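The structure under discussion appears below in the form of structure tokens.
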Amino acid sequence: MAVYQCSINGRIRPIEADDPDQPLLYALRNDLSLTGAKFGCGLGQCGTCCVLADGEVVRSCQLSVSQAVGKTITTLEGLGTIENPHPVQAAFVTEQAAQCGYCANGMVINAVALLGRNPKPNLDDVKQALANNLCRCGTHDRILRAVMRASGQVMP
Amino acid sequence: MTDQTVPCTPALNRRDLLRAGSALVVTFASGLAQAQQRNTPQLKAGKTLKTDEVDGFIALAPDGSATLYCGKVDLGTGLRIAIPQMAAEELGLPLEAITLIEGDTALTPDQGPTAGSSGIMRGGVQIRQAAATAREALIGMAAQHWGKPRNDLTVADGHVVDGDTQERLAFSVLLNGKPFALKLDEKAPLKKPADYEIVGKPLPRPDIAAKVTGQHPYMHDVTIDGMLHARVIRPQAVGASITGIDESSVKTLSDVKIVRINNFLAVVSRNEWTVIRAAKALKVSWSNPASLVGHDKVKSWMVAAGNDAAQSAGKEVLTQKGDSAKALAESKQVLSASYYWPLQSHASMGPSCGIADVRPDGVTIWSASQATHRLRGICARILERPLEQVRVIYRDGAGCYGTNGHDDVCADAALISKAIGQPVRVQWSREDELGWDPKGPPQLLAMRGAVNGEGRLAAWETEMWLPKATASLPNIPMLGPQDAGINQPQGLSTGLISQNAHPPYAHPHLAVRVNWLKDSPLRPSNIRAPGKIANSFAVESFVDELAASAQRDSLEFRLEGLSDPRGLAVCKKVAELMRWQARPSPAKSGSLGRGFSYVHYKFNETYVAIGMEVEIKRRAGAIVVKRIVCAHDCGLIINPDATRQQVEGNILQTLSRTLFEETQFDTSKVTSVDWQSYPLLTFPDVPELEIALLDQPHLPPLGAGEAACAAVPAALANAVYDACGARLRNVPFTPDRVKLALARGHA
Ligand code: FES
Ligand code: FES
């Protein structure tokens, strides 16, 4: 059993794993009780497991614990809380941009990264940024509205 | 987070809750809290679960708070705000005083599955009636207390109020710690819509802040003390048997147990990643029965099965009016066309997950099932336990849109927990979910129709080929128990798939026939708007084909045969929003088009009209949906924003199903088992949406969970035809089919 020292939500968290290839997703969910990132496919195809690593979006089902060492990881929980949400989270609440909400983690994480590199995206920019994140419930329109709102713009 | 903590909210201090534990508890005052206990014998002494008792649904606590016990569950659809709105309104309680408990079989009455758009229409209406009964009873108690006629009294803010003196008596004082002990009165008067203060408001849902901050406790996030992780290794082919297991293939992984019950095979470990690796590494050999027809042969199989005495479940005339055969024979021009809807997966974003704790004195199941009360019976049967020993606790899953794998995964967990005597969590993989969730059944429809000399609909015939649902089947056969060789009732479940099979426009001669089939190519279940999507696709497309053949504007053609004022209103609203100009299809442009479709759901529920604008990229065979307009009348609207969100979801999900989705399978198994082989709509495909909700405050609330789905596919097909003259009759509308239709007129 090896221990991987990972920086997660501003703290160094030791993660024990007997396999260096274990995806970070399982460590977050099972060992650190950070269940915001969701298991959707384990194949890098859906985006429900996204986290930020050094500000970039990473699919935590595709990032091993050994690769996570040395990166600064932020999860959905690290962005904000119910009482004190991140502006993107607040915009999702205002637009009521979740049905089942299982995809919401990936949507919020990608939106935060997008607004980090492009504070005033147009609608197509947002659609492209979320193009690889799936939603089964058809919440897309509200998610787009929420991201536009978070950027201080209204949806055209 | 272990699912054992009991956050201290006022509601949870109440005795019955502490005794029984609770399911998903949402308090409006404090966001979301949860607690539960294992099923124990004491649970039997809990509150009444009767649907004809006010106490089945409502408990008022001495501190003024109220708990609603709801047998229906919020599947991401907004019941969690709408049902408390209905109850708060009738009872004269502030919304913040209400806690909602959903689906827990130890606490909630069995109100039937959360299916068929029935959450508000039946579940909410029942609770509203209980609330009205409770309010009348409280007024009666106050009238007696004050010695005043009850007509002088009203309720507000958890109190009965004397209109003359403004004197107030708290509900809790009136009840004095006792239950209502009262039958639900079907005739208890309801509040007048003009007096509504809470119903009709677009109040925000209580779960969204938690969902977007990672604090919402989904099924997938639940952990139980001592819980083990398991993965089921599903057969290599449908119906395959194990011919050998090489246990040494997992020897290098420590702490792995193999559980085998006949052909049911699972691996178990304390560590989730270990069990995932074990499931992959375990070498198993299987027989290869090759019993399936293959997705590309389903249509011909259906027609053949309809004519084969061994496979036919009978032919039935569903509707007959006039003499369609004679009218068609006498028509100058008879049109015919057939339409096909393929097998589809529920395709939930989160593969199914369930936990079972099977103990000698009781069984507890944690589940995201849309039908926890039904699942309770399933688990009791497969575990051979009396029903009272089984408790199912609801937790939110990923949206399921019908019976997906949620029930199966709990049956898996129950079998494994029973075998090893410990609580077990089973998480399906993506491949499991798309491969093995029960599928929406295939539907084939052949239409014949004619238009008379005045260009009006003269005669219509629908012939359908449909898998027949087995009468009074308690549930679909569960995968795990099937492989384990456990006896269970066999048969098909499909939902009501033969409705909406003819146009709702005046037509003198009509016949609807169905060829019932004994089987379906893969295990079927209800999938959102069961059957009505395919039937409305065929009917509303063929209406368009008839209008085009008569050089008529398709909307005028519909409207002249429509007399229902609510139907007319939604159609006219869409026409107005689209600035519809009357002209026959196709348009002149060759690439831009518009389409229309109208559905009166089940002919007695919600009214929907949809208009679409599309552009066709001829070279690529691509359909670009630019704008979708919808007018929607589901009677009284409880929460306009939650309703709007449902309509948006209906539209976009069905757009996905129409453009992209077909479960593919060869002769042994499903082959579309990831998001590449089973693609969904993505953000770049999302059109502009405009939705008009037509409120009917004086009419009963109807469902909003599925009706709009049914109007989507034909509006799209009709828009494609209008744009380029190509008629799409087979779903999904892939680029290959678009190109084929461009070349030969239809596909
Ligand atoms: S779970 Fe990681 S991309 Fe789907
Ligand atoms: S809200 Fe359910 S998957 Fe997106």
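Computed values, structure above
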read-out: Residue order, fewest to most surrounding Cβ atoms within 10 angstrom, among B:Ser672, B:Ser254; value: B:Ser254, B:Ser672
read-out: Peptide A:101-108, shielding by other chains (average Cβ, 10 Å cutoff); value: 6
read-out: HN-Hα J in Hz across the stretch B:97-103 - Karplus 6.51, -1.76, 1.60, θ = phi - 60°, x for Gly and Pro; value: 7, 9, 10, 10, 10, 10, x
read-out: Separation in nanometres of the label points that stand 7 Å from Cα toward Cβ, at B:Lys297 and B:Ala622; value: 3.6
read-out: Net charge of neighbours whose Cβ lies under 15 Å from the Cβ of A:Asp18, counting Lys and Arg as +1 and Asp and Glu as -1; value: -3
read-out: Other protein chain Cβ atoms within 10 Å, averaged over every residue that makes up A:34-44; value: 6
read-out: Magnitude of the charge dipole, the protein assembly as shown, Cβ model with Lys/Arg +1 and Asp/Glu -1, debye to 20; value: 1300
read-out: Expected-Rg normalisation [2.2 N^0.38 Å, Cα atoms] applied to the protein assembly as shown; value: 0.95
read-out: Of B:Lys72/B:Lys626; B:Lys299/B:Lys532; B:Lys47/B:Lys192; B:Lys50/B:Lys72, those spanning more than 26 Å from alpha-carbon to alpha-carbon; value: B:Lys72/B:Lys626; B:Lys47/B:Lys192
read-out: Per-peptide average of other Cβ atoms within 10 Å, ordering B:451-461, B:608-618 highest first; value: B:608-618, B:451-461
read-out: Positive-end extreme of charge dipole, the protein assembly as shown - chosen from B:Leu652, B:Met219, B:Pro113 (charges on Cβ); value: B:Leu652
read-out: Entries of B:Lys297/B:Lys617; B:Lys315/B:Lys468; B:Lys251/B:Lys418 with Cα pairs more than 18 Å apart; value: B:Lys297/B:Lys617; B:Lys251/B:Lys418
read-out: Contact order relative to length of the stretch B:264-391, as percent, for alpha carbon pairs under 8 angstrom and 6 or more apart; value: 11
read-out: Hz values of 3J(HN,Hα) by residue in the stretch B:454-464 - Karplus curve (6.51, -1.76, 1.60), Gly and Pro given as x; value: 8, x, 10, 4, 10, 8, 8, 9, 10, 10, 10
read-out: Loop-resident sites, the stretch B:229-283, for trypsin sites (Lys or Arg not before Pro), counting at most 12 other Cβ within 10 Å (DSSP); value: B:Lys251
read-out: Amide proton proximity set for A:Ile15, modelled H, under 5 Å, gap of 5+; value: A:Tyr4, A:Gln5, A:Cys6
read-out: Largest-first ellipsoid semi-axes for the stretch A:2-79, taking √(5λ) over the Cα gyration tensor eigenvalues, angstrom; value: 16, 14, 11
read-out: 10 Å Cβ neighbours from other chains, averaged over peptide B:679-687; value: 6
read-out: Distant-in-sequence amide H partners of A:Ser64 (H built 1.01 Å from N, under 5 Å); value: A:Leu24
read-out: Mean separation of Cα contacts under 8 Å (6+ apart) over length of the stretch A:87-150, as relative contact order %; value: 55
read-out: Computed over chain B: relative contact order in percent, which uses C-alpha pairs under 8 Å that are six or more apart; value: 13
read-out: Helix-only [θ]222 nm of chain B, DSSP H runs n ≥ 4, -39500 (n - 2.57) each, per residue, nearest 500; value: -8500 deg cm²/dmol
read-out: In Hz, Karplus ³J(HN,Hα) per residue of the stretch B:62-76 (6.51, -1.76, 1.60; θ = phi - 60°; x = Gly, Pro); value: x, 7, x, 7, 10, 10, 9, 10, 10, x, 8, 10, 8, 8, x
read-out: Footprinting exposure proxy for B:Ser345, B:Ser269, B:Ser336 (fewest neighbouring C-beta atoms within 10 Å first); value: B:Ser336, B:Ser269, B:Ser345
read-out: Gap separating the Cα centres of the stretch B:290-368 and the stretch B:153-187, nearest whole Å; value: 51
read-out: Packing rank of B:136-145, B:350-359, B:212-221, where each peptide gets the mean count of other beta carbons within 10 Å, highest leading; value: B:350-359, B:212-221, B:136-145
read-out: q = 0.11 Å⁻¹: log10 I(q)/I(0) that the Debye formula gives for chain B, counting C-alpha atoms only; value: -1.20
read-out: For q = 0.12, 0.16, 0.17 Å⁻¹, Debye-computed log10 I/I(0) when each Cα of chain A counts as one equal scatterer; value: -0.48, -0.83, -0.92
read-out: Span-rule helices in chain B, defined as complete DSSP H runs reaching 15 Å or more along the axis (Cα) with Kyte mean at least -1.0; value: B:79-91, B:125-146, B:372-383, B:406-420, B:532-549, B:565-578, B:640-659, B:707-724
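Every number in this text was worked out from the coordinates using simple rules, so none of it is lab data. Since the model is a prediction, treat every value here as computed from it, not as a measurement. Every residue, glycine as well, gets a Cβ built from its backbone with ideal geometry; the counts of neighbours run over all protein chains shown.
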